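Sending over a structure as structure tokens; questions will come in a sec.
The values are calculated or read from the model by the stated rules, or taken from the named source; none is laboratory data. Quick caveat, the model's predicted, so the values are computed rather than measured. Here the Cβ positions follow ideal geometry from the backbone for every residue, glycine too, while neighbour counts run over all protein chains shown.
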Amino acid sequence: MARSYVNPITKERATILETSAQTHGAFTYIEVELQPGGGNPVHYHKYFTEQFEPVVGMLGVHYLGKELYLKPGDIFKVPVMDNHRFYNPSDHPIIFRAKLEPGQPGFENFMAALFGLVRDGKTFGSNQIPFNPFYAIILLKWGDTQVDSFFFNVFKPVISVLYTLSRKLGYEKKLLHKYVID
């Protein structure tokens with residue numbers, strides 16, 4: 001059964017078409033409906049590639065400082081460690097698919113929890129940072145969403161320690177129970 005999540009900040013509805021579990025870890029496959037002006041911040045992933053496939057309309061991809069405009073039938077794969085973002089450059093909704101390889105159960109949890117926190121008004125700013133810093137640490141770990149900034153790079157060594165603390169304090173279970181597990 002496909003699960004859909006809505007994020008009013010990024011103006012997207014994401015539906016997980018195939019989970020990592022369903023593909024035996026090979027990939028996670030997501031369909032995104034993105035409203036005009038919608039998109040996410042620039043980021044990169046250390047552990048998975050992200051392939052974009054427009055289905056309806058033109059998809060904008062900011063990749064390594066360049067703007068790419070993909071139309072239905074185009075496929076573009078972002079390698080690990082490369083800065084990128086996706087966005088809707090048009091004045092009408094678009095639909096695209098993203099394939100994460102290898103499969104990413106953590107990213108699936110990340111998306112469910114982040115979109116739920118945004119929906120519930122428990123984040124701030126366009127980067128959707130949770131008010132609860134323990135939730136922010138857990139989401140960073142789950143989503144393998146890295147930001148190439150001075151603050152983030154200085155903070156990286158502490159993330160693993162804080163993630164362990166967040167788990168010991170029960171925050172991971174709270175996120176899973178509220179937003180991921182039915």
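Just a yes or no: is a residue in segment 131-138 closer than 27 Å to Leu17 by Cβ and of a type in the set (A, V, I, L, M)?
Yes, the conditions are met somewhere in segment 131-138.
Assess whether Gly73 counts as being surrounded by fewer than 20 Cβ atoms within 10 Å (Cβ to Cβ), farther than 16 Å from Tyr44 by Cβ, in the same structural domain as Arg13 (by TED's automatic domain parsing) and among the small types (Gly, Ala, Ser).
yes
Restricting to segment 28-45, what's the tally of residues that are part of a strand (DSSP E or B) and either outside the structural domain of Glu12 (by TED's automatic domain parsing) or not acidic (Asp, Glu) (or both)?
8
In addition: In segment 129-140, what residues are part of a loop (DSSP other than H, G, I, E, B) and not polar (S, T, N, Q)?
Selection gives Phe131 alone.
Do we find a residue being in a strand (DSSP E or B), over 18 Å from Thr10 (Cα atoms) and not assigned by TED's automatic domain parsing to the domain that holds Thr145 anywhere in segment 86-95?
no
Just a yes or no: is a residue in segment 28-36 on the phi > 0 side of the Ramachandran plot, crowded, with 17+ Cβ neighbours inside 10 Å and touching a Ser or Thr at 6+ places or on another chain (Cβ under 8 Å)?
Checked segment 28-36: no residue is on the phi > 0 side of the Ramachandran plot, crowded, with 17+ Cβ neighbours inside 10 Å and touching a Ser or Thr at 6+ places or on another chain (Cβ under 8 Å).
Something else now. Which of (1) at pLDDT 95 or above; (2) surrounded by fewer than 17 Cβ atoms within 10 Å (Cβ to Cβ); (3) under 19 Å from Ile16 (Cα atoms) is the odd one out, the single condition Leu59 does not satisfy?
Just one mismatch for Leu59, condition (2).
Residues of segment 141-182 being assigned to a loop (DSSP other than H, G, I, E, B) and over 30 Å from Leu64 (Cβ atoms), which ones?
Leu169, Gly170, Ile181, Asp182, listed by residue number.
Table: residues versus (1) among the aromatic types (Phe, Trp, Tyr); (2) touching a Phe, Trp or Tyr at 6+ places or on another chain (Cβ under 9 Å); (3) not assigned by TED's automatic domain parsing to the domain that holds Gly170.
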{"position": "Pro79", "(1), (2), (3)": "no, no, yes"}
{"position": "Gly116", "(1), (2), (3)": "no, yes, no"}
{"position": "Gly143", "(1), (2), (3)": "no, yes, no"}
{"position": "Phe152", "(1), (2), (3)": "yes, no, no"}
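Now for a separate question. Among the residues of segment 96-127, which ones are outside any loop (DSSP other than H, G, I, E, B) and charged (D, E, K, R)?
Arg97, Lys99, Glu101, Glu108, Arg119
From Leu140, Leu100, grab the single residue that is aliphatic (A, V, I, L, M) and modelled with pLDDT under 95.
Criteria check complete, one pass: Leu140.
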